[in-house]
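One structure is given below, encoded as structure tokens.
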Amino acid sequence: MDVQFFDSASVPREVIDAYQRACPSSSEASASSGQPCPELAHAYMSFVGARKVAEHIERKPSSNIVFAWGQSPRLMYSILRQLNLDWSGLGAFIGDDYEEERIGESMLKEMLFSRTNLQSLSIYSPLDHQGFAYDRFIKGKGGIDLAILGLGPNGHILFNEPGETFSTNTHRVFLSESTIGYNEANYGRRLESAHTMGLLSILRCREVLLLISGSHKKEIARKVLYGDVAASVPATVLRKHPRVTVLVDFDLL
């Protein structure tokens, strides 16, 4: 597991420029204040993540990529869509989504997919191939080359909640109260069930990029990176994977 930490004290000029292009209104004060700023650390992490994804696409234009849609990758996607990339050969696999509403799919289309030349017929959802059928469908497409994931406050990745066994394929899940409340605060809806790629589905991916964003996740990040590998912290399953890059926009000290 390759873990990289980012802080606002050593942000390269090209990162500040990319941040200003992606979020001009929110970045102006942050970039010019000269003070340590969590937003700049997040921008640095997002820039490095975007370059990693871009290099993957350039290396294999026909890649199959899993896209997470929470708060953590939003700025990374804003930077990524500004790069001169050819998305026409990609397969875009949505990792999870609510059962009642396609919030994840809508968000990904709005903030990334619709702003590239990704083919609309190459966007796939676990709502269209429910349960293990999604895993079979993925296998038929040649498997996943890269999974982009974010870490939830309770240690979940995609919608795999604490207590989930490491042997799960794509499945329907009833969300924990903490996840329901967190997402209700962010998206304004109380939604209780979803379909998600399972932890075994994630382990089958050839490479994983995990983003950990926000110092409020410091305690859970320590458990994910250095604690016991246990179902109580689902993201620890990634320590079993041979090719994982973790980007963290805060210091654990």
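Values in this text are rule-based calculations from the coordinates and carry no lab data. Predicted model, so just to flag it, every value in this text is computed and none were measured. Cβ coordinates were reconstructed from backbone atoms using ideal geometry, including for glycine residues, and neighbour counts include every protein chain displayed.
Some notes on this structure:
- A Förster distance of 41 Å, applied to the separation of the beta-carbon atoms of Phe137 and Tyr226, puts the FRET efficiency at 0.70.
- Given charges at beta-carbon only (K, R positive; D, E negative), |dipole| of the chain in Debye: 620
- Note on the chain: with a GNM built from Cα contacts shorter than 10 Å, the maximum mean-square fluctuation among Gly89, Gly155, Gly142 falls on Gly142.
- DSSP-defined antiparallel bridges as percent of all bridges, the chain, nearest 5: 30
- Near the amide H of Ala147, within less than 5 Å, lie the amide hydrogens of Val66, Glu207, Val208, Leu209, all on another chain or at least 5 residues away, with H placed in the peptide plane.
- Helix-only mean residue ellipticity at 222 nm for the chain, each DSSP H run of n ≥ 4 adding -39500 (n - 2.57), per residue, nearest 500: -10500 deg cm²/dmol
- Cross-link pairs Lys52/Lys240; Lys141/Lys218; Lys141/Lys223; Lys139/Lys217; Lys60/Lys217 - those with Cα-Cα distance over 31 Å: Lys141/Lys218; Lys141/Lys223; Lys139/Lys217; Lys60/Lys217
- Among 169-176, 231-238, the order from most to least packed when residues are scored by Cβ within 10 Å on average: 231-238, 169-176
- As a proxy for reagent exposure, ranking Phe5, Phe159 by other Cβ atoms within 10 Å from fewest up yields Phe5, Phe159.
- Length gained on full extension, Ser10 to Glu58: 14.5 nm, using 0.36 nm per residue less the C-alpha separation.
- Multiplying the residue separation of Arg51 and Asn84 by 0.36 nm and subtracting their alpha-carbon distance yields 10.7 nm.
- Whole-Hz couplings from phi, Karplus 6.51/-1.76/1.60, listed for the range 213-219; x for Gly and Pro: 10, x, 5, 5, 9, 4, 5
- Considering only Gly95, Pro61, Ser176, and ranking their Cα positions along the charge dipole of the range 2-248 that arises from unit charges at the beta-carbon of Lys, Arg, Asp and Glu, the one farthest toward the positive end is Pro61.
- If the segment from Asp128 to Gln71 were pulled out straight at 0.36 nm per residue, it would be longer than the present Cα-Cα gap by 18.2 nm.
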